[in-house]
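What follows is a single structure, written as structure tokens, with notes after it.
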Amino acid sequence: MIPLLVVSFLLLVAIMLFLKQWSANRMPGNKQREKAVKELKADMDSWSADLVPLNKEELDLFSLAQDKKVITSGTGATAKGTFTTIFHEPVVSYSYRRYLGNKDNELLYVRTAEHEYVYWTVDGKTSLEIDGQPVGNMDGGKLFGKKTGKELARIAASARENYQPISVGNREVGGLVLKPLGNDDPLSQRAFQFIPDDLNDKEEQLLMSLATRELVKRGMEGK
């Protein structure tokens, strides 16, 4: 009798742990998503350093390297880290979470010194908010306006030499490097090429919205 009670108790505990894990990894409903974002923000407050504001110079020095990068793989994979310049100045922090589902269900929260980006992917469809305002929906590497449905920006699916061109409207605003050139020169770690001198704030935000998501996706491949 006693062994049977022990087995029953252990089975009950196992079921409860499974249900707890399943609930934690389940895609939040619409009413719970704001809470999920707040939780990522609060967690980031505890580990992200004061970020250096982005400008043309910082974008030119933006590095593929990360500080405080942590990845947990599995069904409910998570990741977080901070992208730095080649001089190790922190410029962009992010926190990522994958949820259960047959298609991609994800939350990505990105912070710069001046802006916040929130990406919700539900059943493979991604929406983007910047500073709490809906911007649009993403299809592959393209971003379409929330109100107009017109293409706002894109990151090329195919590479040109060693980088993926990024365009805002009809203007190419940079190229996201695929991988370092493989030498010890810190300049070889730069993430961007061809940033125009007259890049405006809107172009910068859309550039970063596509580039950061792409960099996080690369880091999660195979996880």
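The values are calculated or read from the model by the stated rules, or taken from the named source; none is laboratory data. Computed from a predicted model, the values in this text were never measured in an experiment. When we count neighbours, we look across all protein chains shown, and the Cβ atoms used for this are built from the backbone with ideal geometry, even at glycine. Side chains are part of the model used for accessible areas, which takes the heavy atoms of the whole protein and leaves out ligands, DNA and RNA. Shrake-Rupley method; radii C 1.70, N 1.55, O 1.52, S 1.80 Å.
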Accessible-area value, Thr78, 1.4 Å probe, nucleic acids and ligands omitted, Å² | 50
With Val168 itself left out, Lys, Arg at +1 and Asp, Glu at -1 over residues whose Cβ is under 14 Å from its Cβ give -1
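When only the heavy atoms of the protein chains count and the probe is 1.4 Å, how do Ile71, Ile195 rank by accessible area, highest first?
The residues order as Ile71, Ile195, largest area first.
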Those helices of the chain passing the 30 Å axial Cα length cut-off and the mean Kyte-Doolittle cut-off of -0.5 (DSSP H runs only) are 2-24
Positive dipole terminus of the chain, leading residue within Ala113, Ile71, Asn170 (C-beta point charges) | Ile71
Got a number for carbon plus sulfur as a percent of the chain's accessible area, 1.4 Å probe?
-> 53
By a straight-distance test (C-alpha under 15 Å), which aspartates and glutamates pair with Lys179 as possible cross-link partners, with residues fewer than eight away in the same chain excluded?
-> Glu161, Glu214, Glu221
What net charge is computed for the residues neighbouring Thr121, neighbours being all others with C-beta under 14 Å from the C-beta of Thr121, Lys and Arg scored +1, Asp and Glu -1?
-> +1
Full extension from Ala156 to Glu34: what is 0.36 nm times the residue separation minus their Cα-Cα distance, to one decimal in nm?
-> 40.8 nm
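With respect to the cross-link table entries Lys56/Lys125; Lys125/Lys150; Lys146/Lys202; Lys69/Lys147, which display a Cα-Cα separation exceeding 26 Å?
Lys56/Lys125; Lys69/Lys147
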Work out, step by step, the length gained on full extension between Gln133 and Glu89: first 0.36 nm times the residue separation, then minus their alpha carbon distance; give nm to one decimal.
-> 13.0 nm
Net charge over other residues, Cβ less than 12 angstrom from the Cβ of Leu61 (K, R count +1; D, E count -1) | -2
Whichever aspartates and glutamates have a C-alpha closer than 19 Å to that of Lys41, once near sequence neighbours (fewer than 8 apart) are set aside = Asp50, Asp67, Glu106, Glu114, Glu116, Glu129, Asp131
Nearest-10 value in Å² for the accessible area of Leu64, using the 1.4 Å probe | 40
The stretch 108-118 - phi-based ³J(HN,Hα) in whole Hz, Karplus 6.51/-1.76/1.60, Gly and Pro as x | 10, 10, 10, 10, 10, 5, 10, 9, 10, 10, 10
Rounded FRET efficiency, nearest 0.05, which uses the C-beta distance separating Lys146 from Asp43 and R0 of 30 Å | 0.65
Treating only Lys and Arg (+1) and Asp and Glu (-1) as charged, each at its beta carbon, one finds that the stretch 40-111 has a dipole about its Cα centre, in Debye to the nearest 20, of 400
Dipole moment magnitude, nearest 20 debye, the chain about Cα centre, only Lys, Arg, Asp, Glu C-beta charged = 1260
